[in-house]
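Report on the following structure.
Read-outs throughout are calculated quantities, based only on the coordinates presented, and are distinct from any laboratory measurement. Just so it is clear, the model here is predicted, and its values are computed rather than measured.
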Amino acid sequence: MSGWADERGGEGDGRIYVGNLPTDVREKDLEDLFYKYGRIREIELKNRHGLVPFAFVRFEDPRDAEDAIYGRNGYDYGQCRLRVEFPRTYGGRGGWPRGGRNGPPTRRSDFRVLVSGNGCSPEL
């Protein structure tokens, strides 16, 4: 597991990240989107003015969280395509990444780009 979540948990606790939400989303809308996957324990909607809203939804059963990710990741919700995944965790002392908690997590992968050379065309 790599990426985003705080000391409150990750994959094993039934908590999921829901990103790319419409700006007018309400907690009730999230409940309507996810209730069919299992009993919801908590919904944390992060809807700061000027930023794209995101949320954390915690299910009673972690298996329900897996089902919700499978069923709703990439789901077209209005004009938005939802991003649903397990929260990412950062190693270290349980703290947040440098820069604070200013919005949803960035998308990361195991792939990296290596750039080499001096920017000039090779001589022929």
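Miscellaneous remarks
- Once the chain from residue 63 to residue 24 is taken as fully extended at 0.36 nm per residue, the excess over their C-alpha distance is 11.1 nm.
- With θ taken as phi - 60° and the Karplus curve 6.51 cos²θ - 1.76 cosθ + 1.60 applied, the whole-hertz 3J(HN,Hα) list for region 14-25 is x, 9, 10, 9, 10, x, 6, 8, x, 5, 9, 5 Hz, x standing for glycine and proline.
- Subtracting the Cα-Cα distance of residue 109 and residue 79 from their residue separation scaled by 0.36 nm leaves 8.2 nm.
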